[in-house]
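The values are calculated or read from the model by the stated rules, or taken from the named source; none is laboratory data. Note that this is a predicted model, so its numbers are computed, not measured. Here the Cβ is made from the backbone with ideal geometry for all residues, glycine too, and neighbour counts use every protein chain on show. To get the accessible areas, we keep the full protein, side chains included, count just its heavy atoms, and leave off ligands, DNA and RNA. Shrake-Rupley method; radii C 1.70, N 1.55, O 1.52, S 1.80 Å.
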Amino acid sequence: SLSGGTTLTLKDSDVIEIKLKPEDVSALKLDSTLAVNATNTYIVVDGDFIKDQSGVIINSISPTNALQVAKYIDDSTGPLLSQFAFDLNTGILVLDFDEPVLLSTLQPNLLKLGNTDSASG
């Protein structure tokens, strides 16, 4: 289940856009069994989720009748290294990315530390 998000739609409509919270997007990316492609991306809706113009609650969608995604756009944006920390006493380098990364693909030998922003050292 999602923890929330921001509504991007500015007026009452039959189409609503919601920007998910970053932590929810990260959780989805970390789950290799969920929302990987259109064949395994479904939505379940609780009856209290939204009401129509007359105040009638939405017809809920149960897990047994989950609605499959109609349009799915795969993650095509590479991760961004947003900051790092280095402890010379322990030799520990901490890398912070803007999204979850696959640890099994890490190649530390391809990193360079330097004394300028060109890291030529």
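Suppose all protein chains stay in the model; what accessible area per residue would a 1.4 Å probe give for the chain, in Å²?
86
Answer with a single label: of (1) 73; (2) 63; (3) 66, which was calculated as percent of Cα pairs over 17 Å apart from the structure in view?
(1)
Placing unit charges on C-beta atoms (Lys and Arg positive, Asp and Glu negative, everything else neutral), compute the dipole magnitude of the chain about its Cα centre in debye, rounded to 20.
That gives the chain a dipole magnitude of about 140 debye.
Roughly speaking, to the nearest percent, how much of region 57-121's 1.4 Å accessible area is carbon and sulfur?
Looking at region 57-121 in its full context, I get 56 percent from C and S.
Can you order the peptides 14-26, 82-94 by their average number of other Cβ atoms within 10 Å per residue, highest first?
Final packing ranking: 14-26, 82-94.
Residue-wise, which Karplus ³J(HN,Hα) couplings in Hz belong to region 92-108, taking 6.51 cos²θ - 1.76 cosθ + 1.60, θ = phi - 60°, and x for glycine or proline?
Working through the residues one at a time gives 8, 10, 10, 10, 10, 10, 7, 7, x, 10, 7, 4, 5, 9, 5, 10, x Hz.
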